[in-house]
Every structure is written in structure tokens, then in C-alpha cells.
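Worksheet for the structure shown next.
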Amino acid sequence: MERFHHQLLLDAQAVEKKLEQALSHQALVGEVYRPQRLVQAMRHGALAGGKRLRPFLVMQTGALFDGDTNSLLQVATALECVHCYSLIHDDLPAMDDDDLRRGKPTVHREFDEATAILAGDGLLTFAFELLSDEKTNVDPEVRISLIAHLAKAAGMGGMAGGQMLDLQPETSSPSLDDIARMQTMKTGALIKFACIAGGICGGATLKQISALEKYGELIGRAFQLADDILDVTSSASQLGKGTAKDEAHGKLTQVSTLGIEKAGEMAKELVGQACDALSDFGERADILKLAARFIIERKR
């Protein structure tokens, strides 16, 4: 596990540096001007630390195919922009109404709601600007594929749609299957994209992409189960964000429905299945198997 933590830190540092450079106050060619307050809000939401697990998954699935590091880093940074946008909007009063994120005030608390909305919009659109750049891949077909897959993962049939479903249980009672579908969309879609993106960049075969997709789907489900368990068992100071939010809003989760013990067992089963999905990659996938274990063993 030490190898995993070391690589996770290295990839996180690389993405942090890339974001720091990309989200500069200096306007680029083709831009008129970057409003300072907007840039500050985007930086607040994107440079507040975090595990950077999704970028790690892009980098390490790409490493299976000896993908170009700079190309993978570009994709990883784009994905992290989408993830950070989703957190900024998720924290808004109209959504989860959170005051704390990664141990710091949420963007709408540090600035204001309108600025937070624009900061999220800015990060989302910037992600696709990054993917469209030739630095991502010299092959335009690869860039188009990445753009299309990320758009679907983040859109109405993915993360945004999952967030919509997440808002509805306050006035209805979803089944366990409904909850699982919502979580697969809201949380799992970007994780699954992270896993196939490395393969797309590295020229993986359809069979290999399918294996990575299955791995991503399974660890995405395990990730959400672990998140729900932590929401019940941890404190705000441990997580760096508010806890017991679902209970406070009267929302059902797999944990509240199944119980902590059974949910934990299910998460372990999902991790085992995820590791099995990588069997054709042999020892090269060992670090991804460690990542799957980390997902359910993490404390924040």
C-alpha cells in the first residue's frame, strides 16, 4: 500500500502544479480578460487539495499502455476541473448547502453564490478547452473520443442526471435499485471515465477498454458505499466537510437501507470483483488493485 500512497501523492502534485499554471490570472491568446475575482474563486475550488483520485486513475490506467505522461496529465487535469466544478455546485444552498469542503469554506461561503456558480461554469468549460488542445493528443479522433466520453459522464445521463435524482428523494422514497442507479450516475460516471480515459489515450483494444470500464464501474460503486459509511461514522473535522447530511435531509442511502456492516461487506465484494476485472493485465495492474482497496479503507 505504501507504493500506492507514494504514487497517489506524485500524481496529485503533478495535477496541482498543472492546475496552478492553467488557472493563472494572465489571459491567454484568444481571451479578452480574466476577471480576478472569478479566477480567485476557481482557484479556491480547484486548488484546495484533495486526494486527486480521479486524476490518479487516468494516469495509472494510461501507464498500463505506456501512455505519454504529459498527454495523460492534460486529461487528468481536465477531469479534475469537472470534478471540482461539481463540488462547487453541489455545495450551493440550492443543492446540499454545505459550508465546508476539504477543511476550508466552500466557494459560495468564501465569495458569494453567483461567483460560485460562475466558478463552476468556468471550470467545466475549461475542461473541454484542455481536452481539445493538441497537447492532449495529436490525433484529433482521440481528442474527440475523450470529449464525447467526458461530456456523457458529466451530463444528463451521468453526473448531472445523478444529482437531479439525488434531489428527488426529499419528496419520495426510492428503492435500493433507485439509490444504486443515482449513485452510479452521480459519483460513478466520472470514476468510470477516469479509468477508460487512460486506455483511450494509450490505444487500448476494445476488450481492454471493456475491462477498464468494468473496473471503473465497480470501484465507483464501492467508493460511494465507503463515502456513505464515512458520512455516518466520521466527524466533520476528520472528513474536512459536513457529515450526516443525508440523514439531515431525510435521504435514503444504501448504508441507511442495508446497515453499515452489510454495506461494508458489499463494498469489499465490489473491490474483489474490480480486481478480477484487471486479471488480463497481470502485475502491471497491481497499483490499480491497491487503489481499489484504498477506496474502501480510506478514512476521509
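Coordinate-derived values only; no laboratory data. Remember, predicted model here, so these are calculated numbers, not experimental data. When we count neighbours, we look across all protein chains shown, and the Cβ atoms used for this are built from the backbone with ideal geometry, even at glycine.
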Which whole number in µm²/s is D for the range 62-154 by Stokes-Einstein, with the Kirkwood Rh taken over Cα pairs at 20 °C and 1.002 mPa s?
-> 150
How compact and how long is the range 2-297, expressed as Rg and Dmax of its alpha-carbon atoms in Å?
-> 18.5, 55
Cross-link pairs Lys17/Lys299; Lys186/Lys299; Lys192/Lys214; Lys192/Lys299; Lys214/Lys299 - those with Cα-Cα distance over 19 Å | Lys17/Lys299; Lys186/Lys299; Lys192/Lys299; Lys214/Lys299
Cα pair distances exceeding 23 angstrom across the range 141-232, given as percent | 28
Net +/- balance of residues flanking Gly216 in space, Cβ distance below 13 Å, scoring K and R +1, D and E -1 = +2
Using only the alpha carbon atoms of the range 169-218, find the Kirkwood hydrodynamic radius as the inverse mean reciprocal pair distance, in angstroms to one decimal.
-> 12.0
Taking every other residue with Cβ under 14 Å from the Cβ of Thr125 and scoring Lys and Arg +1, Asp and Glu -1, one gets -3
Given the rule -39500 (n - 2.57) for each run of at least 4 DSSP H residues, summed and divided by the residues of the chain, what is its mean residue ellipticity at 222 nm, to the nearest 500 deg cm²/dmol?
-> -21500 deg cm²/dmol
Here the equivalent ellipsoid of the range 131-171, derived from its Cα gyration tensor, has semi-axes (largest first, whole Å) of 32, 7, 4
Just how far, in whole angstrom, is the range 150-204 from the range 52-79 if you go by their alpha carbon centroids?
-> 20
Taking H as built 1.01 Å from N, whose amide H comes closer than 5 Å to the amide H of Leu100, not counting residues under 5 places away?
-> Thr106, Gly242
